[in-house]
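The values are calculated or read from the model by the stated rules, or taken from the named source; none is laboratory data. What you see is a predicted model; the values in this text were computed from it and never measured. Methodologically, a virtual Cβ is constructed for each residue, glycine included, from the backbone with ideal geometry; neighbour enumeration extends over all protein chains shown.
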Amino acid sequence: MTQSQKKDTSKALLGLISDVKLAERVTAPSDAAEVPVSALRARSNQPRRFFSEAALAALAASLTENGVLQPLLVRPQPGGQYEVIAGERRLRAAKLAGLSRVPVRVHPCTDAEADQLSLIENLQREDLSRFEDVSFKLRLIAASWEQSPQEAKATLRKLKKHPQEDAERVAELEGLFQRLGREQWTSFVANGLPVLDLPDLLLQALQEGVIQQSKAVLIARAPADQQQALLERAVNEQLSVEQLRASIAQLTVPAPLSGVEQRFQALRKLQPRAFSKLSPEQQQQAQHLLDQLQALLN
């Protein structure tokens, strides 16, 4: 991709995000039609992975009473089937409610366009977990730069340290996050990206809303064998960030060394040249003592 093409892609991406309602942007209201639920399938790479069962049950009850008020956005597939670009949560709830047909808006598009539309639609939701919010934004940035998410993560961290090295990309990020709202791109890099590196235990707790991001990141710094217990304490005892930080500090403070351990540590710090300064008799004695020490330790 040439430099001008990259600029065009970035501008187009910002244009998409500036519109609030995805379905209204890609099709007119008159284009809505009803299709059988059996003709719809979710995308295999749907960006949203976690769906609260309680929230789905509540939505299903609402759909039973009021129907599906906002059409799903889909793209046509062979054999009269449709792939859901935006609205998988509504589709799941419709199945729970026993609905046979749902309203859709059909929008033919490429895989890349479907990816971006799905990400943008999800980012406009209010019930995203922090992990989903961060991962969706990272994937959107990666797509606009034609990089993998891992490459985009590295680029973002480099830009935060040295923004003067690529003023054009910094301007793109500022424009993107201004349209997305809620945070600056520098805050996203410093406070958002660490969420993607959380262990599965803490990631699941964060996605389920059991614990806040700041506490999850703190617990991740503790020894792995202590994280489960810390998570349970943080939840059950409703520990504040300060209390949690103090608990972790107690876990990671090493126990004081005994006198023998201190002497052994000092011995390990001796440089080889100290041995060369000994007399032949002293070297022989030191060698004998070292042999004895090694035999004891083994």
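For K158, the conditions (1) in a helix (DSSP H, G or I); (2) within 19 Å of Q116 (Cα to Cα) are fulfilled apart from (2).
Assess whether P194 counts as being farther than 21 Å from L218 by Cα and under 11 Å from the mean Cα position of the chain (by Cα). No, not satisfied. Filtering the range 118-165 to residues that are of a type in the set (S, T, Y) and within 13 Å of the chain's Cα centre (by Cα) leaves S129, S135.
Where strands (runs of 3 or more DSSP E) sit wholly within the range 35-148, those with at least 3 residues that are farther than 30 Å from I211 by Cα occupy 72-77, 81-86, 101-106. Screening G80 against (1) modelled with pLDDT under 60; (2) outside the structural domain of E172 (by TED's automatic domain parsing) leaves a single unmet condition, (1). For the condition farther than 30 Å from V235 by Cα, in contact (Cβ under 8 Å) with a residue 12 or more places away in the chain and either crowded, with 17+ Cβ neighbours inside 10 Å or not β-branched (V, I, T) (or both), L173 qualifies.
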